[in-house]
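Here is the structure we will look at.
The values are calculated or read from the model by the stated rules, or taken from the named source; none is laboratory data. None of these values were measured; they are calculated from a predicted model. Cβ sites come from the backbone with ideal geometry, for glycine too, and all protein chains shown count toward neighbours. SASA here: full protein model, heavy atoms, side chains in, ligands and nucleic acids out. Shrake-Rupley method; radii C 1.70, N 1.55, O 1.52, S 1.80 Å.
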Amino acid sequence: MTTTSSNPNPLADTMPTFIGMPKFPTMAKEALGNTQQRRNLQHATHTIRAKRAAVVGEMNDWEALRRNGADTKDEVLAHLDTYLEQLEAKLVESGATVHWARDAEEANRIVIGLVQAEGVDEVVKVKSMATQEIELNEALEEVGIAAWETDLAELIVQLGDDRPSHILVPAIHRGRAEIREIFRNKMAAVGRPAPEGMTDEPRQLAEAARLHLREKFLRAKVAISGANFAIADTGTLVVLESEGNGRMCLTLPETLISVVGIEKVLPTWEDLGTFMQLLPRSSTGERMNPYTTMWTGPAAGDGPQNVHVVLVDNGRTHVLADEVGRQGLRCIRCSACLNVCPVYERAGGHAYGSVYPGPIGAVLTPQLRGTGSAIDQSLPYASSLCGACFEVCPVRIDIPRMLVHLRTQVVDEHRGTRNAESSAMQAMAWMFADNRRLQKAQRAATLGGKLLGKRTSLGAIPGPASAWSGARDVPVPPKETFRQWWSRTDGGRR
Ligand code: SF4
């Protein structure tokens with residue numbers, strides 16, 4: 001196919017992006033009203049969580065593996081420049097072409113140039129978070145190149161004009177009946193239609209996707225992938241997936257372009273052994289990954305003959321400069337933290353306003369994008385700090401500590417800005433600074449408590465506190481202070 005000016009993907013104009021999204025509480029409140037989504041999320045996260053717990057429980061050396069994974073990643077981050085240069089040298093030696101991209105715009109420009117050089121107007125893609133992060137599909141669409149997602153869940157998201165809501169299961173918020181409708185209504189516009197009489201039985205849905213995608217795989221001249229790991233001492237890229245779509249993308253087309261975040265490097269081939277145990281168990285709850293594809297440059301007469309690797313920074317060196325925040329770059333995108341998070345389970349992935357939802361998104365997104373927007377300022381607060389994410393993280397990322405660190409950063413950045421919360425905090429600081437003031441305030445509060453009689457909750461508070469009290473039960477003040485109780489009962493002895 002030749003490049004055309006009009007976009008060959010009829011869905012292009014309806015593709016939503018994350019730009020300009022409102023802050024987390026607004027998005028979460030909207031999501032909480034979607035009962036079907038909450039039911040889907042609860043079922044899916046609890047199922048994966050239980051599978052993970054079972055296979056992790058089988059491993060006597062799980063903690064040692066976690067420590068090893070964290071140490072390996074920390075070693076990479078401490079000497080990232082050295083490992084990246086080693087990776088580049090090995091990739092070039094193996095016949096691949098390496099490109100460096102400072103940011104999303106540069107990465108997209110490089111990829112567009114490579115696709116246009118092949119004279120095609122469509123590419124197939126294996127699920128890649130890095131390409132979602134840089135909004136590659138949208139950039140390709142702007143120049144008339146259709147990007148076909150081939151991961152089943154990504155296909156559902158793309159056909160449904162939707163956004164991914166989970167790292168591993170991007171369509172986790174969709175039920176079987178919804179998927180059937182999406183396939184019925186949208187497949188025909190972009191390729192082979194869904195079979196007549198297709199039900200919402202999983203086998204039939206999977207078969208419809210398989211048939212729809214097969215013609216795209218066989219036609220595509222260019223594929224775009226990410227990589228789970230990039231091994232510095234061999235120049236090998238590794239992709240883990242569960243459906244075989246990745247294997248098709250990575251082997252059938254003539255040209256393969258892999259967009260890889262610079263933190264994906266592992267020092268040695270031996271290091272991969274640790275992560276091949278940590279990742280499948282933590283992500284899908286499987287002992288072994290179903291489809292693992294590895295390639296070291298092009299192989300004569302076999303698979304893609306033009307192999308390009310685009311190494312993307314896009315804020316990662318900024319994250320690296322923060323001693324507390326840099327541990328976020330250890331993340332291997334397993335999604336275990338999402339599946340145990342009580343906030344994610346209820347709010348769903350869209351509320352996080354990024355391709356990185358859940359606890360890791362709450363720390364990674366504000367670091368990569370900065371805290372300039374309402375959504376990015378609110379993300380560090382999208383947590384109860386229960387610590388479940390740290391407990392399951394295969395590379396021991398201390399997400400609660402990072403959340404607190406980022407909250408401090410957000411507060412510091414807005415110090416001096418007056419709003420209802422800062423005014424309330426100032427009033428509290430003034431009251432707590434003087435014992436007599438505090439006692440007066442406490443006596444006033446207990447008087448209020450007595451006047452409210454048997455009520456246990458204040459209900460909705462008017463004015464600036466209405467947003468806060470609208471989502472919480474505010475208890476009525478006690479009828480006596482601790483000091484009053486102490487003196488009345490002689491410290492509990494009467
Ligand atoms: S932070 Fe840890 S648990 Fe969460 S996705 Fe990354 S590696 Fe997995």
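Answer rounded, prolate or oblate for the range 189-255, using the Cα gyration tensor with square roots of eigenvalues a ≥ b ≥ c: rounded when a/c is under 1.5, else prolate when a/b is larger than b/c, else oblate. Oblate shape, in that a/c is at least 1.5 and b/c is the bigger or equal ratio.
For the range 84-136, the fraction of alpha-carbon pairs lying more than 19 Å apart is 42 percent, rounded to a whole number. The 1.4 Å probe gives accessible areas that order H79, H405, H43, largest first, as H43, H79, H405. Leaving out ligands, DNA and RNA, what percent of the accessible area of the chain is carbon and sulfur, probe 1.4 Å? Carbon and sulfur together cover 54 percent of it. Note on S469: accessible area is roughly 10 Å² with a 1.4 Å probe, heavy atoms of protein only. Contact order, relative form, for the chain: 20 percent (alpha carbon pairs under 8 Å, 6 or more residues apart, mean separation divided by residue count).
Mind putting a number on the dipole of the range 121-169 about its Cα centre? Charges go on the C-beta only, +1 for Lys and Arg and -1 for Asp and Glu, and I need it in Debye to the nearest 20.
Dipole about the Cα centre, nearest 20: 240 debye.
Counting only alpha carbon atoms, the long axis of helix 420-432 and the longest principal axis of the chain meet at about 40°. With the convex hull constructed from alpha-carbon coordinates only, the chain shows a mean projected area of 28.7 nm² over all directions. Taking all protein chains as shown and a probe of 1.4 angstrom, M59 keeps an accessible surface of around 30 Å².
Straight-distance candidates among the lysines for linking to K479, with alpha-carbon spacing under 17 Å and chain neighbours fewer than 8 residues away dropped: K440, K450, K454. When R369, R326, R287 are compared by accessible surface with a 1.4 Å probe, the order from highest to lowest is R287, R369, R326. Accessible surface comparison of W485, W62, probe 1.4 Å, protein chains only, largest first: the order is W485, W62. With a ≥ b ≥ c taken as the square roots of the eigenvalues of the C-alpha gyration tensor of the range 115-237, please select rounded if a/c is under 1.5 and otherwise prolate if a/b is larger than b/c or oblate if it is not? Prolate. Think of a 1.4 Å ball rolled over the protein heavy atoms: the range 122-231 then has 35 Å² of accessible area per residue.
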